[in-house]
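Here's the structure we're looking at; comments come further down.
The values are calculated or read from the model by the stated rules, or taken from the named source; none is laboratory data. For clarity, every value in this text was computed on a predicted model and none was experimentally measured. Neighbour counts are summed over all protein chains in view; Cβ atoms, including those assigned to glycine, are modelled from backbone coordinates with ideal geometry. Surface accessibility is based on the protein's heavy atoms, side chains included, excluding ligands, DNA and RNA. Shrake-Rupley method; radii C 1.70, N 1.55, O 1.52, S 1.80 Å.
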Amino acid sequence: MLPPGETLLLTLRLAGSVPGRAGRELHARRVSAQEAARQASSPEEAQALHRRADKRFFADFDALLDAATVGGAYLEKEKLAEMVAGELLMLEEQGLRVPCFVLLPNHLHAVLHLPASAGLSLYKAVELLHQRTATQARRLLRGQLPSEADFWQTGFHHLPVLDAAELSRVRQYLLAHPRRLALPPRFHEWPYLHDAPL
């Protein structure tokens, strides 16, 4: 059973990390699937189809990010990854819970729990995270990132986590992600992941 509030799977990605055409095609397929869901014969069927479209979009979009055919891979840099990981954990000081996250070379996934009593919205929390980490990243990258380029892609993707069983599947997916991508170990394992009880 999940605690009261909202639990989400959040994805942030570096600017330019998905080929434009492929990203547009994925969004168009998602919109088409959501429109089809509105034509369902019952609200329950519509909700199930809408959810299926969102999950399919997540899987396809994540595959594009994992392919890493365009854009930078700045999150594989140790100091930068440690800074972003630290800022993710700082969200807990703003009232959000961060039970699980993984940083990958060009994107990150985080499970966030927004308690019913949280005073900060998800949108504001992500905006502040974007701002703080982008400013520090520019300092750490020192000229590797063009001055006119954004660090993060504007916006984010999120998928509601509906129950404890789904949360367990999401955690397993995130924690196995570095191994699936065969990311180079630092010491014994890819260190830029976090798993704590909700």
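The residues of the range 100-158 that are hydrophobic (A, V, I, L, M, F, W, C) and open to solvent by 60 Å² or more (accessible area, probe 1.4 Å), listed by number, are Ala116, Leu140. The single residue among Ala176, Ala134, Ala182, Ala165 that is assigned to a loop (DSSP other than H, G, I, E, B) and out of contact with any helix residue (DSSP H, G or I) (no Cβ under 8 Å at 6 or more places or on another chain) turns out to be Ala182. Can we say Pro3 is more than 26 Å from Pro146 (Cβ to Cβ) and either open to solvent by less than 40 Å² (accessible area, probe 1.4 Å) or in contact with a His (Cβ under 9 Å, 6 or more places away or on another chain) (or both)? So Pro3 fits the description; yes.
If you go through the range 65-86 and keep only what is under 14 Å from the mean Cα position of the chain (by Cα) and either open to solvent by 40 Å² or more (accessible area, probe 1.4 Å) or of a type outside the set (A, V, I, L, M) (or both), you end up with just Asp66. Of the helices (runs of 4 or more DSSP H) that lie entirely inside the range 1-118, those containing 1 or more residues that are within 28 Å of Ala196 (Cβ to Cβ) and among the β-branched types (Val, Ile, Thr) span 78-90. Taken together, Gly71, Gly86, Gly95 contain a single residue that is farther than 30 Å from Arg29 by Cα and in contact with a Gly (Cβ under 8 Å, 6 or more places away or on another chain), which is Gly95. Of the candidates Arg97, Arg30, the single residue that is in contact (Cβ under 8 Å) with a residue 24 or more places away in the chain and touching a strand residue (DSSP E or B) at 6+ places or on another chain (Cβ under 9 Å) is Arg97.
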